[in-house]
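Following: one structure in C-alpha coordinates, then a few remarks.
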Amino acid sequence: MAMRPASTARGSAYLTALTLEIEKKLQRALASASQRRNLLQELFADIALEVDDRAKDIIFREEDANLVADEYGSAICFYDVLADHFVQLPHNGKSILDLIVQLWSQSFASNIFSLLFHKWLFEIQLDNPEVLLRYSSALVQGATNVFWIDIQSNARRFQSLFQYLLDEVALDSERLKKIPSQTQRDLFLLLSRFMFFYNSVDKLKSFLKQFPEFPNAFLIGGASDIFVIELADQLQKLKVEPVLLHYLSQIKVLQGLELRMTTSTRLKTCLYSFTSPGGPMYPTRAVRHAAWEALDFLFPVGRYLRHLISLFFRLLYPWYWPSSCWNFVVSCIQAVLYSVLRLIFSSWENLRRPKHS
(Lines give C-alpha, C1' and ligand atoms only; values in the text may rest on other atoms or scores of the structure.)
Protein backbone atom coordinates (compact mmCIF):
# COMPACT_ATOMS: atom_id res chain seq x y z
CA MET A 1 0.00 0.00 0.00
CA ALA A 2 2.94 2.36 0.50
CA MET A 3 3.58 4.82 -2.27
CA ARG A 4 6.85 4.80 -4.13
CA PRO A 5 9.47 7.42 -3.33
CA ALA A 6 10.63 9.92 -5.91
CA SER A 7 11.76 7.95 -8.95
CA THR A 8 14.49 10.26 -10.21
CA ALA A 9 17.39 12.29 -8.82
CA ARG A 10 15.58 15.35 -10.17
CA GLY A 11 12.49 14.37 -8.20
CA SER A 12 14.48 13.88 -5.01
CA ALA A 13 16.09 17.30 -5.46
CA TYR A 14 12.64 18.83 -5.99
CA LEU A 15 11.37 17.36 -2.72
CA THR A 16 14.48 18.49 -0.87
CA ALA A 17 13.87 22.04 -2.11
CA LEU A 18 10.24 21.72 -1.03
CA THR A 19 11.28 20.73 2.49
CA LEU A 20 13.51 23.82 2.67
CA GLU A 21 10.52 26.00 1.79
CA ILE A 22 8.47 24.33 4.51
CA GLU A 23 11.29 24.89 6.98
CA LYS A 24 11.49 28.59 6.08
CA LYS A 25 7.75 29.06 6.60
CA LEU A 26 7.92 27.33 9.98
CA GLN A 27 10.83 29.55 10.99
CA ARG A 28 8.81 32.61 10.00
CA ALA A 29 5.88 31.34 12.05
CA LEU A 30 8.13 30.80 15.06
CA ALA A 31 9.60 34.30 14.74
CA SER A 32 6.30 36.13 14.26
CA ALA A 33 3.73 35.65 17.02
CA SER A 34 1.16 37.89 15.30
CA GLN A 35 1.32 36.03 11.98
CA ARG A 36 1.91 32.56 13.42
CA ARG A 37 -1.58 31.16 12.98
CA ASN A 38 -1.96 32.50 9.43
CA LEU A 39 1.44 31.16 8.36
CA LEU A 40 0.70 27.70 9.76
CA GLN A 41 -2.69 27.68 8.12
CA GLU A 42 -1.12 28.62 4.78
CA LEU A 43 1.49 25.89 5.16
CA PHE A 44 -1.18 23.32 5.98
CA ALA A 45 -3.15 24.35 2.90
CA ASP A 46 -0.03 24.13 0.73
CA ILE A 47 0.93 20.59 1.72
CA ALA A 48 -2.71 19.46 1.37
CA LEU A 49 -2.84 20.65 -2.25
CA GLU A 50 -3.05 18.13 -5.06
CA VAL A 51 0.20 17.60 -6.94
CA ASP A 52 -0.16 19.24 -10.34
CA ASP A 53 0.94 17.58 -13.56
CA ARG A 54 4.14 19.62 -13.80
CA ALA A 55 5.26 18.53 -10.32
CA LYS A 56 4.30 14.91 -11.07
CA ASP A 57 6.51 14.95 -14.15
CA ILE A 58 9.42 16.09 -12.00
CA ILE A 59 8.87 13.75 -9.05
CA PHE A 60 7.88 10.52 -10.79
CA ARG A 61 8.45 8.56 -13.91
CA GLU A 62 5.35 8.48 -16.10
CA GLU A 63 4.37 4.92 -15.14
CA ASP A 64 4.85 5.68 -11.43
CA ALA A 65 2.76 8.85 -11.60
CA ASN A 66 -0.17 6.89 -13.04
CA LEU A 67 0.16 4.19 -10.38
CA VAL A 68 0.28 6.64 -7.49
CA ALA A 69 -2.69 8.64 -8.74
CA ASP A 70 -4.90 5.56 -8.70
CA GLU A 71 -3.71 4.06 -5.42
CA TYR A 72 -6.56 5.24 -3.20
CA GLY A 73 -8.96 6.31 -5.91
CA SER A 74 -8.21 9.99 -5.32
CA ALA A 75 -5.70 12.56 -6.48
CA ILE A 76 -2.19 12.52 -5.04
CA CYS A 77 -1.38 15.41 -2.66
CA PHE A 78 1.92 16.96 -1.65
CA TYR A 79 1.73 15.52 1.85
CA ASP A 80 1.60 12.01 0.33
CA VAL A 81 4.93 12.34 -1.44
CA LEU A 82 6.54 14.28 1.42
CA ALA A 83 5.52 11.61 3.95
CA ASP A 84 7.32 9.01 1.84
CA HIS A 85 10.28 11.33 1.34
CA PHE A 86 10.80 11.69 5.10
CA VAL A 87 10.77 7.91 5.49
CA GLN A 88 13.31 7.50 2.69
CA LEU A 89 15.50 10.40 3.90
CA PRO A 90 14.75 10.96 7.61
CA HIS A 91 17.48 13.59 8.02
CA ASN A 92 15.64 15.85 5.55
CA GLY A 93 12.71 16.12 7.94
CA LYS A 94 14.64 16.60 11.19
CA SER A 95 14.72 20.41 11.10
CA ILE A 96 11.03 20.56 10.22
CA LEU A 97 10.18 18.19 13.05
CA ASP A 98 12.18 20.25 15.56
CA LEU A 99 10.33 23.40 14.49
CA ILE A 100 6.92 21.72 14.74
CA VAL A 101 7.77 20.58 18.28
CA GLN A 102 8.43 24.22 19.22
CA LEU A 103 5.00 25.10 17.78
CA TRP A 104 3.03 22.25 19.41
CA SER A 105 0.54 24.53 21.12
CA GLN A 106 -0.39 26.36 17.91
CA SER A 107 -3.37 25.64 15.67
CA PHE A 108 -2.52 23.49 12.65
CA ALA A 109 0.80 22.27 14.12
CA SER A 110 -0.55 18.78 14.89
CA ASN A 111 -2.35 18.75 11.52
CA ILE A 112 0.92 19.41 9.70
CA PHE A 113 2.74 16.81 11.79
CA SER A 114 0.14 14.12 11.09
CA LEU A 115 0.31 14.73 7.33
CA LEU A 116 4.08 14.88 7.00
CA PHE A 117 5.24 12.36 9.60
CA HIS A 118 2.50 9.72 9.92
CA LYS A 119 4.66 7.14 8.10
CA TRP A 120 7.94 8.29 9.61
CA LEU A 121 6.58 7.64 13.11
CA PHE A 122 6.07 3.95 12.38
CA GLU A 123 9.15 3.37 10.23
CA ILE A 124 11.79 5.08 12.41
CA GLN A 125 12.91 3.62 15.74
CA LEU A 126 12.25 5.96 18.67
CA ASP A 127 13.60 4.84 22.05
CA ASN A 128 12.39 7.70 24.24
CA PRO A 129 8.91 6.77 25.64
CA GLU A 130 7.98 10.40 26.39
CA VAL A 131 8.85 11.55 22.88
CA LEU A 132 6.98 8.62 21.39
CA LEU A 133 3.88 9.43 23.44
CA ARG A 134 4.05 13.08 22.42
CA TYR A 135 4.41 12.26 18.72
CA SER A 136 1.74 9.55 18.66
CA SER A 137 -0.74 11.75 20.56
CA ALA A 138 -0.09 14.59 18.11
CA LEU A 139 -0.67 12.18 15.24
CA VAL A 140 -4.10 11.16 16.54
CA GLN A 141 -5.07 14.76 17.31
CA GLY A 142 -3.92 16.02 13.91
CA ALA A 143 -5.62 13.16 12.07
CA THR A 144 -8.86 13.92 13.93
CA ASN A 145 -8.69 17.54 12.81
CA VAL A 146 -8.00 16.82 9.15
CA PHE A 147 -10.67 14.10 8.93
CA TRP A 148 -13.21 16.61 10.24
CA ILE A 149 -12.08 19.04 7.53
CA ASP A 150 -12.98 16.32 5.01
CA ILE A 151 -16.33 15.79 6.74
CA GLN A 152 -17.23 19.49 6.65
CA SER A 153 -16.41 19.77 2.95
CA ASN A 154 -17.71 16.28 2.03
CA ALA A 155 -14.34 15.60 0.40
CA ARG A 156 -11.80 12.83 0.81
CA ARG A 157 -8.55 14.70 0.38
CA PHE A 158 -7.06 12.89 3.38
CA GLN A 159 -8.21 9.42 2.34
CA SER A 160 -4.64 8.14 2.04
CA LEU A 161 -3.86 9.16 5.63
CA PHE A 162 -6.91 7.28 6.88
CA GLN A 163 -6.09 4.21 4.80
CA TYR A 164 -2.52 4.15 6.06
CA LEU A 165 -3.61 4.36 9.69
CA LEU A 166 -6.19 1.63 9.12
CA ASP A 167 -4.41 -0.80 6.79
CA GLU A 168 -0.77 -0.29 7.73
CA VAL A 169 -1.12 0.44 11.45
CA ALA A 170 -4.39 -0.73 13.02
CA LEU A 171 -4.45 -3.97 11.02
CA ASP A 172 -0.70 -4.53 11.37
CA SER A 173 0.18 -5.78 14.86
CA GLU A 174 3.89 -5.02 14.53
CA ARG A 175 3.43 -1.36 13.59
CA LEU A 176 0.64 -0.93 16.11
CA LYS A 177 2.94 -2.07 18.94
CA LYS A 178 5.29 0.83 18.19
CA ILE A 179 2.96 3.35 19.85
CA PRO A 180 1.86 3.40 23.54
CA SER A 181 -1.24 1.47 24.64
CA GLN A 182 -3.26 4.62 25.35
CA THR A 183 -2.55 5.98 21.87
CA GLN A 184 -3.48 2.62 20.35
CA ARG A 185 -6.89 2.89 21.99
CA ASP A 186 -7.29 6.52 20.87
CA LEU A 187 -6.37 5.52 17.32
CA PHE A 188 -9.00 2.79 17.21
CA LEU A 189 -11.65 5.16 18.54
CA LEU A 190 -10.68 7.67 15.85
CA LEU A 191 -10.85 5.10 13.04
CA SER A 192 -14.21 3.86 14.35
CA ARG A 193 -15.71 7.32 13.89
CA PHE A 194 -14.54 7.77 10.31
CA MET A 195 -14.58 4.24 8.88
CA PHE A 196 -18.00 4.73 7.27
CA PHE A 197 -17.00 8.07 5.76
CA TYR A 198 -13.89 6.66 4.08
CA ASN A 199 -15.75 3.62 2.66
CA SER A 200 -13.86 0.99 4.64
CA VAL A 201 -16.74 -1.04 6.10
CA ASP A 202 -15.52 -4.12 4.23
CA LYS A 203 -12.65 -4.26 6.75
CA LEU A 204 -14.88 -3.99 9.81
CA LYS A 205 -14.52 -7.63 10.93
CA SER A 206 -10.72 -7.54 10.71
CA PHE A 207 -10.71 -4.17 12.46
CA LEU A 208 -12.81 -5.44 15.38
CA LYS A 209 -10.53 -8.45 15.82
CA GLN A 210 -7.51 -6.14 16.25
CA PHE A 211 -9.20 -3.92 18.85
CA PRO A 212 -6.91 -3.29 21.85
CA GLU A 213 -8.01 -4.00 25.41
CA PHE A 214 -9.88 -1.15 27.13
CA PRO A 215 -9.61 -0.74 30.93
CA ASN A 216 -13.37 -0.11 31.28
CA ALA A 217 -14.43 -2.90 28.91
CA PHE A 218 -16.40 -4.61 31.70
CA LEU A 219 -18.62 -1.50 31.85
CA ILE A 220 -19.07 -0.65 28.16
CA GLY A 221 -18.58 -4.02 26.47
CA GLY A 222 -16.27 -5.45 23.86
CA ALA A 223 -14.92 -4.19 20.54
CA SER A 224 -18.33 -4.19 18.80
CA ASP A 225 -19.91 -2.17 21.60
CA ILE A 226 -17.12 0.40 21.63
CA PHE A 227 -17.27 0.74 17.84
CA VAL A 228 -21.04 1.27 17.82
CA ILE A 229 -20.86 3.76 20.71
CA GLU A 230 -18.30 5.83 18.81
CA LEU A 231 -20.37 5.59 15.63
CA ALA A 232 -23.55 6.71 17.39
CA ASP A 233 -21.73 9.69 18.92
CA GLN A 234 -20.36 10.57 15.49
CA LEU A 235 -23.81 10.47 13.90
CA GLN A 236 -25.08 12.95 16.48
CA LYS A 237 -22.31 15.40 15.50
CA LEU A 238 -22.80 15.26 11.73
CA LYS A 239 -24.38 18.39 10.24
CA VAL A 240 -23.59 17.91 6.53
CA GLU A 241 -26.60 16.18 4.94
CA PRO A 242 -24.79 14.20 2.19
CA VAL A 243 -22.31 12.88 4.78
CA LEU A 244 -25.07 11.88 7.19
CA LEU A 245 -26.93 10.11 4.37
CA HIS A 246 -23.70 8.33 3.45
CA TYR A 247 -23.30 7.06 7.03
CA LEU A 248 -26.93 5.93 7.20
CA SER A 249 -26.64 4.11 3.87
CA GLN A 250 -23.75 1.99 5.22
CA ILE A 251 -25.03 1.37 8.72
CA LYS A 252 -26.70 -1.89 7.70
CA VAL A 253 -23.27 -3.52 7.98
CA LEU A 254 -23.86 -3.56 11.74
CA GLN A 255 -26.46 -6.29 11.39
CA GLY A 256 -25.31 -9.43 13.16
CA LEU A 257 -22.94 -7.72 15.61
CA GLU A 258 -23.29 -8.97 19.16
CA LEU A 259 -24.07 -5.90 21.25
CA ARG A 260 -25.00 -5.27 24.84
CA MET A 261 -28.57 -4.16 25.48
CA THR A 262 -27.38 -0.70 26.50
CA THR A 263 -25.35 -0.31 23.29
CA SER A 264 -28.21 -1.53 21.14
CA THR A 265 -30.59 0.89 22.85
CA ARG A 266 -28.12 3.73 22.36
CA LEU A 267 -27.91 3.07 18.61
CA LYS A 268 -31.67 2.70 18.33
CA THR A 269 -32.23 5.99 20.17
CA CYS A 270 -29.67 7.72 17.94
CA LEU A 271 -31.36 6.55 14.74
CA TYR A 272 -34.82 7.34 16.09
CA SER A 273 -33.74 10.92 16.78
CA PHE A 274 -33.35 11.43 13.03
CA THR A 275 -36.84 10.20 12.15
CA SER A 276 -38.88 13.17 13.35
CA PRO A 277 -38.96 16.70 11.91
CA GLY A 278 -38.18 19.63 14.17
CA GLY A 279 -35.72 20.04 17.02
CA PRO A 280 -33.21 19.25 18.22
CA MET A 281 -31.94 17.60 15.01
CA TYR A 282 -34.14 19.24 12.34
CA PRO A 283 -33.41 16.39 9.89
CA THR A 284 -34.44 16.76 6.28
CA ARG A 285 -37.00 14.45 4.68
CA ALA A 286 -34.21 12.45 2.98
CA VAL A 287 -32.46 11.95 6.32
CA ARG A 288 -35.70 10.92 8.04
CA HIS A 289 -36.42 8.28 5.41
CA ALA A 290 -32.84 6.97 5.51
CA ALA A 291 -32.98 6.77 9.31
CA TRP A 292 -36.30 4.89 9.20
CA GLU A 293 -34.87 2.45 6.67
CA ALA A 294 -31.77 1.81 8.79
CA LEU A 295 -33.83 1.53 11.98
CA ASP A 296 -36.29 -0.96 10.47
CA PHE A 297 -33.48 -3.03 8.99
CA LEU A 298 -31.38 -3.27 12.15
CA PHE A 299 -34.30 -3.50 14.58
CA PRO A 300 -37.21 -5.18 12.76
CA VAL A 301 -38.96 -6.12 16.02
CA GLY A 302 -41.44 -3.38 16.89
CA ARG A 303 -41.15 -1.53 13.58
CA TYR A 304 -44.91 -1.14 13.11
CA LEU A 305 -45.38 0.11 16.65
CA ARG A 306 -42.57 2.66 16.14
CA HIS A 307 -44.20 3.97 12.97
CA LEU A 308 -47.58 4.14 14.69
CA ILE A 309 -46.14 6.11 17.62
CA SER A 310 -44.34 8.42 15.19
CA LEU A 311 -47.59 9.03 13.29
CA PHE A 312 -49.41 9.79 16.53
CA PHE A 313 -46.85 12.42 17.55
CA ARG A 314 -46.92 13.99 14.09
CA LEU A 315 -50.69 14.39 14.43
CA LEU A 316 -50.05 16.52 17.52
CA TYR A 317 -48.31 19.14 15.32
CA PRO A 318 -50.86 20.36 12.72
CA TRP A 319 -48.30 22.59 10.98
CA TYR A 320 -46.63 19.44 9.63
CA TRP A 321 -49.86 18.10 8.10
CA PRO A 322 -49.76 20.05 4.78
CA SER A 323 -46.21 18.92 3.92
CA SER A 324 -46.93 15.34 5.01
CA CYS A 325 -50.12 15.20 2.93
CA TRP A 326 -48.38 16.75 -0.05
CA ASN A 327 -45.50 14.27 0.11
CA PHE A 328 -47.98 11.41 0.48
CA VAL A 329 -49.91 12.56 -2.61
CA VAL A 330 -46.70 13.01 -4.63
CA SER A 331 -45.51 9.54 -3.60
CA CYS A 332 -48.84 7.99 -4.64
CA ILE A 333 -48.76 9.77 -8.02
CA GLN A 334 -45.19 8.62 -8.61
CA ALA A 335 -46.08 5.04 -7.70
CA VAL A 336 -49.05 5.08 -10.12
CA LEU A 337 -46.95 6.61 -12.91
CA TYR A 338 -44.19 4.05 -12.45
CA SER A 339 -46.75 1.23 -12.51
CA VAL A 340 -48.34 2.56 -15.72
CA LEU A 341 -44.94 3.00 -17.37
CA ARG A 342 -43.89 -0.53 -16.41
CA LEU A 343 -47.16 -1.85 -17.82
CA ILE A 344 -46.67 0.07 -21.09
CA PHE A 345 -43.07 -1.10 -21.52
CA SER A 346 -44.06 -4.66 -20.68
CA SER A 347 -46.86 -4.59 -23.29
CA TRP A 348 -44.50 -3.05 -25.83
CA GLU A 349 -41.93 -5.79 -25.25
CA ASN A 350 -44.62 -8.46 -25.67
CA LEU A 351 -45.72 -6.92 -28.98
CA ARG A 352 -42.14 -6.79 -30.28
CA ARG A 353 -41.39 -10.35 -29.24
CA PRO A 354 -41.68 -12.68 -32.28
CA LYS A 355 -44.55 -15.18 -32.14
CA HIS A 356 -43.75 -18.85 -32.62
CA SER A 357 -46.24 -21.04 -34.36
Those residues of region 266-296 which are assigned to a helix (DSSP H, G or I) and closer than 20 Å to R193 by Cβ, in sequence order
R266, L267, K268, T269, C270, L271, V287, A290, A291, A294
Which residue is nearest to E258 (Cα to Cα), if the candidates are limited to region 155-185 and must be in a loop (DSSP other than H, G, I, E, B) and free of Cβ contacts under 8 Å to residues at least 12 places away in the same chain?
D172
Restricting to region 25-47, name every residue that is assigned to a helix (DSSP H, G or I) and loosely packed, with under 12 Cβ neighbours inside 10 Å.
A31, A45
Looking only at region 201-210, decide whether some residue is surrounded by 12 or more Cβ atoms within 10 Å (Cβ to Cβ) and of a type in the set (D, E).
no
Boolean, F196 is buried (at least 20 other Cβ atoms within 10 Å of the Cβ) and assigned to a loop (DSSP other than H, G, I, E, B)
yes
Helices (runs of 4 or more DSSP H) wholly in region 83-146 with at least 3 residues that are more than 18 Å from F44 (Cβ to Cβ), out of contact with any Cys (no Cβ under 8 Å at 6 or more places or on another chain) and basic (K, R) - which ones?
none
Given the conditions (1) loosely packed, with under 15 Cβ neighbours inside 10 Å; (2) touching a residue at least 24 places away in the same chain (Cβ under 8 Å); (3) under 19 Å from D186 (Cβ atoms), and given that S107 satisfies all but one, which numbered condition is not satisfied?
(3)
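Listed here are the residues, each with its yes/no results for (1) closer than 29 Å to Q125 by Cβ; (2) out of contact with any Leu (no Cβ under 7 Å at 6 or more places or on another chain); (3) at pLDDT 95 or above.
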{"site": "D167", "(1), (2), (3)": "yes, yes, yes"}
{"site": "A170", "(1), (2), (3)": "yes, no, yes"}
{"site": "E174", "(1), (2), (3)": "yes, yes, no"}
{"site": "K177", "(1), (2), (3)": "yes, yes, no"}
{"site": "Q184", "(1), (2), (3)": "yes, no, yes"}
{"site": "F197", "(1), (2), (3)": "no, yes, yes"}
Does any residue in region 196-213 that is farther than 12 Å from L166 by Cα come within less than 6 Å, Cβ to Cβ, of a residue that is charged (D, E, K, R) and modelled with pLDDT of 95 or more six or more places away or on a different chain, and which pairs are these?
P212/R185
Being assigned to a loop (DSSP other than H, G, I, E, B) and in contact with a helix residue (DSSP H, G or I) (Cβ under 8 Å, 6 or more places away or on another chain) narrows it down to one residue among F211, F207, F227, F188; which is it?
F211
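The values are calculated or read from the model by the stated rules, or taken from the named source; none is laboratory data. None of the values given here were measured: they were computed from a predicted structure. Cβ atoms come from the backbone with ideal geometry, glycine included; neighbour counts cover every protein chain shown.
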